[in-house]
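Trainee: Following this message is one structure expressed as structure tokens.
All of the numbers you see were taken from the coordinates with simple rules; none came from a lab. All values reported here derive from a predicted model rather than from experimental measurement. As a convention, Cβ positions derive from the backbone with ideal geometry for all residues, glycine included, and neighbour counts pool all protein chains shown.
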Amino acid sequence: MYRGTLFIGCVIGGIAASSSAETVTVTASRDATLYEFFDGSVANGAGQYFFAGKNNQNRARRGLLYFDIASMVPEGATITDASLTLNMSQTTAGAREVGIYRALTAWTSGLSDASEAEGSGTSALVNDATWLWSSYDGNGGGATWNNAGGDFASTASASITTQALGLYTWNSAGLLADVRAFATNANLNLGWFVIGDESTFGTARRFDSADSGELGGIVPKLQIEFTTVPAPGALATLAIAGLGARRRRR
């Protein structure tokens with residue numbers, strides 16, 4: 001009895017120890033820019049870029065990002081790390097902080113596509129997210145934010161200082177906690193706001209959007225590391241099979 005129990009324990013322990021570490025890279029499903037404008041009529045849901053910070057006219061721009069996380073991570077997996085990478089393709093001089101904040105209200109992204117550098121946005125279309133609307137209906141109405149400029153957590157999940165053009169990666173305990181929550185319950189995943197320095201004018205940063213890939217951009221990417229272990233049923237089946245094999249050899 002003791003030897004059989006010990007053997008089963010060794011089989012289960014060996015399989016558990018062989019849990020695999022994996023990495024998945026998720027590209028953004030959608031994004032948007034909220035342009036500070038009194039009537040909420042400006043958007044950019046399908047443009048090549050999104051923005052964060054304030055322009056030279058002292059008007060804020062806030063980015064929105066959404067990643068389909070739950071479908072990319074196996075159920076029951078343990079997420080061990082997460083990092084968000086964005087490409088900053090235009091900026092003003094100086095070092096400025098850019099934070100990632102958890103969105104608190106559902107939003108949609110329409111087909112509006114601003115021209116040229118896209119800093120001024122364009123007329124909002126159906127389903128666009130704007131400064132006043134989380135989902136615009138195209139006729140001056142729709143679902144509104146609780147607060148003009150969007151609803152987001154008061155504390156950044158991750159924050160870094162940006163300056164030169166190029167790739168930037170956000171990685172923190174707060175971002176990891178968000179990803180774990182989103183993977184466990186897809187209903188909690190409302191995406192993130194990307195918010196720059198709004199303490200003064202001329203701080204805006206431009207980032208490549210989810211729609212930039214075909215135009216030579218580098219799309220937003222979320223890299224998730226996780227481990228998986230065999231299901232308990234599989235462990236028990238293998239252990240019993242192994243015990244049966246030992247008995248046959250006696």
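Trainee: Rounded to the nearest 0.05, what FRET efficiency is calculated for Asn171 and Thr227 with R0 set to 22 Å and r the Cβ-Cβ distance?
Mentor: 0.80
Trainee: Nothing charged except the Cβ atoms of Lys and Arg (+1) and of Asp and Glu (-1): what's the magnitude of the dipole of the range 115-236 about its Cα centre? Round to the nearest 20 debye.
Mentor: 380
Trainee: Over all pairs of distinct alpha carbons, what does the Kirkwood formula give as the hydrodynamic radius of the range 20-228, in Å?
Mentor: Value: 16.9 Å, from the Cα pair sum.
Trainee: Work out how much length Glu214 to Ile160 would gain on full extension: take 0.36 nm times their residue separation and subtract the Cα-Cα distance, in nm to one decimal.
Mentor: Full-extension gain reported as 16.7 nm.
Trainee: Now for a separate question. Amide H neighbours of Gly47 under 5 Å, counting only residues 5+ apart in sequence or on other chains, H built in-plane at 1.01 Å?
Mentor: Ala114
Trainee: Then there's this: How large is ³J(HN,Hα), in whole Hz, for each residue of the range 90-101 in order, when computed from phi with the Karplus curve 6.51 cos²θ - 1.76 cosθ + 1.60 and θ = phi - 60°, using x for Gly and Pro?
Mentor: 7, 7, 8, 5, x, 7, 9, 7, 10, x, 10, 10
Trainee: Could you list which residues have their amide H under 5 Å from that of Asn127, counting only those 5 or more apart in sequence or on another chain, with H placed in the peptide plane?
Mentor: Tyr136, Asp137, Gly138
Trainee: Mind giving me the nanometre distance, one decimal, between the label points for Leu188 and Asn56, set 7 Å out from Cα along Cα→Cβ?
Mentor: Placing both labels 7 Å beyond Cα along the Cβ direction yields 4.4 nm.
Trainee: Next question. Distances over 20 Å make up what percent of all Cα-Cα pairs in the range 135-202?
Mentor: Values: 1113 of 2278 pairs.
The answer is 49 percent, as a whole percent.
Trainee: Tell me, what HN-Hα J-couplings in whole Hz come from the Karplus equation 6.51 cos²θ - 1.76 cosθ + 1.60 at θ = phi - 60° for each residue of the range 29-36, using x for Gly and Pro?
Mentor: Values per residue, Gly and Pro as x: 7, 7, 7, 6, 10, 8, 9, 5 Hz.
Trainee: Would you grab the residues whose amide H sits under 5 Å from the one on Thr144? Only those 5+ places off in sequence or on another chain, please, with H modelled 1.01 Å from N.
Mentor: Correct list: Ser134.
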